[in-house]
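The values are calculated or read from the model by the stated rules, or taken from the named source; none is laboratory data. Treat the numbers as computed from the prediction; the structure is a model and nothing was measured. Positions of Cβ are generated from backbone atoms using ideal geometry, with glycine treated the same way; all protein chains shown enter the neighbour counts. Accessible surface is based on the protein model in full, side chains and every heavy atom, while ligands, DNA and RNA are left aside. Shrake-Rupley method; radii C 1.70, N 1.55, O 1.52, S 1.80 Å.
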Amino acid sequence: MNSEVLFISDLHIAIEKPEITRRFLAFLEKRAAQASVVYILGDLFDAWIGDDDPTPPNTKIRSKLKQLTASGIQIFLQPGNRDFLLGKKFSEDTGVILLDDYVVIDLHGTPTLITHGDLLCTDDLPYQTFRAKSHTPEWRHSVLSKPLILRLLAARWYRLRSYFHKRNKSQEIMDVNQDKVIEVMREHNVSRLIHGHTHRPNVHNFVIDNKPAQRFVLAAWRKDAGEVLCWTAATYKVDVI
């Protein structure tokens, strides 16, 4: 049995990004089907306005995910800052297991913390304020109780607003805060962290309490390429698909 564990994040699938959709469907059919576990660390979708949204390509994505999980492949997903409204029905429809913001997994014998990454960007105060509000049950109920067409329009407005807000923010503010990284890794008693969100793929080596530590940052997918962090018992590599 293949023991390979795959990590991806930040695909930002949307109707206006057909190339990424095709690339992800091909990934599920070929690459993921040969793995033991697949972890999607947030922002699979560019916006998720509720599990009742049939807008393309949502239905096709759900169907392909269900096909893969039904074959015995485990798929775990941590909602990101764009698709945090993923819910119970999506999980039931796809067989995908939704995870909390921080989860420690056993990655071939090494405790490894996984997260989307937005909670680590503590210097972006306006975003953290919005995040705290938008993750309350009251906010979630208020949004999901609105008609679908209103949610679709609101999602378009949010994406446009987010685009212009990012243009006015410094790159440092939108990156993780290293002190927060160390704090969270200490709290979970790990020396390895894997996350996405920042779109700055890299492997960072540093020290926590005189012990070596590593932070793996996953790449965002583009229309011409997608990156997958692949882990076996012996080593890791990054595949471009």
Legend entry - Close pairs (6 angstrom Cβ cut-off, 6 or more residues apart or separate chains): more than 25 Å from F130 (Cα to Cα) in the range 72-86, crowded, with 19+ Cβ neighbours inside 10 Å and not charged (D, E, K, R) anywhere: I75/V38; I75/V96; F76/Y39; F76/L99
Legend entry - Lone qualifier among T59, T69, T55 - being within 30 Å of Q128 (Cα to Cα) and not acidic (D, E): T55
Inset, instruction - Return a yes/no flag: does the range 33-44 have any residue that is part of a helix (DSSP H, G or I), farther than 14 Å from A220 by Cα and among the small types (G, A, S). - result: yes
Inset, instruction - Take the range 96-121 and flag every residue that is closer than 20 Å to L86 by Cβ, open to solvent by 10 Å² or more (accessible area, probe 1.4 Å) and of a type outside the set (D, E, K, R). - result: I97, L98, L99, Y102, V103, I105, L119
Inset, instruction - Please verify whether the range 170-179 includes one or more residues that are outside any helix (DSSP H, G or I), more than 27 Å from K88 (Cβ to Cβ) and open to solvent by less than 30 Å² (accessible area, probe 1.4 Å). - result: yes
Inset, instruction - Quick one: count up the residues across the range 27-54 that are open to solvent by 40 Å² or more (accessible area, probe 1.4 Å) and either of a type in the set (S, T, N, Q) or in contact (Cβ under 8 Å) with a residue 60 or more places away in the chain (or both). - result: 3
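Do we find that T198 is crowded, with 19+ Cβ neighbours inside 10 Å and among the hydroxyl-bearing types (S, T, Y) in this structure?
Values: crowded, with 19+ Cβ neighbours inside 10 Å: yes; among the hydroxyl-bearing types (S, T, Y): yes.
It is true that T198 is crowded, with 19+ Cβ neighbours inside 10 Å and among the hydroxyl-bearing types (S, T, Y).
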Inset, instruction - Only residues that are of a type in the set (A, V, I, L, M, F, W, C), closer than 20 Å to L98 by Cα and surrounded by 21 or more Cβ atoms within 10 Å (Cβ to Cβ): list them for the range 6-26, please. - result: L6, F7, I8, L11, I13, F24
Inset, instruction - Collect the residues in the range 55-92 that are assigned to a helix (DSSP H, G or I), out of contact with any Leu (no Cβ under 6 Å at 6 or more places or on another chain) and of a type in the set (S, T, Y), keeping them in residue-number order. - result: T59, S63, T69
Legend entry - Filter result (among the aliphatic types (A, V, I, L, M) and either surrounded by 13 or more Cβ atoms within 10 Å (Cβ to Cβ) or closer than 15 Å to A47 by Cα (or both)) within the range 131-154: V143, L144, L148, I149, L150, L152, L153, A154
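Got a number for residues in the range 93-135 being hydroxyl-bearing (S, T, Y), outside any strand (DSSP E or B) and within 15 Å of the chain's Cα centre (by Cα)? If you could, list the steps in order and put the result at the bottom.
If we filter the range 93-135 for residues that are hydroxyl-bearing (S, T, Y), which is where we start, we get 94, 102, 110, 112, 115, 122, 127, 129, 134.
Narrowing further to those that are outside any strand (DSSP E or B): 94, 102, 122, 127, 129, 134.
Going one step further and asking which of them are within 15 Å of the chain's Cα centre (by Cα), we end up with 102.
Total meeting the criteria: 1.
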Legend entry - Unmet criterion (only one of (1) more than 15 Å from the chain's Cα centre (by Cα); (2) not in a loop (DSSP other than H, G, I, E, B)) for D51: (2)
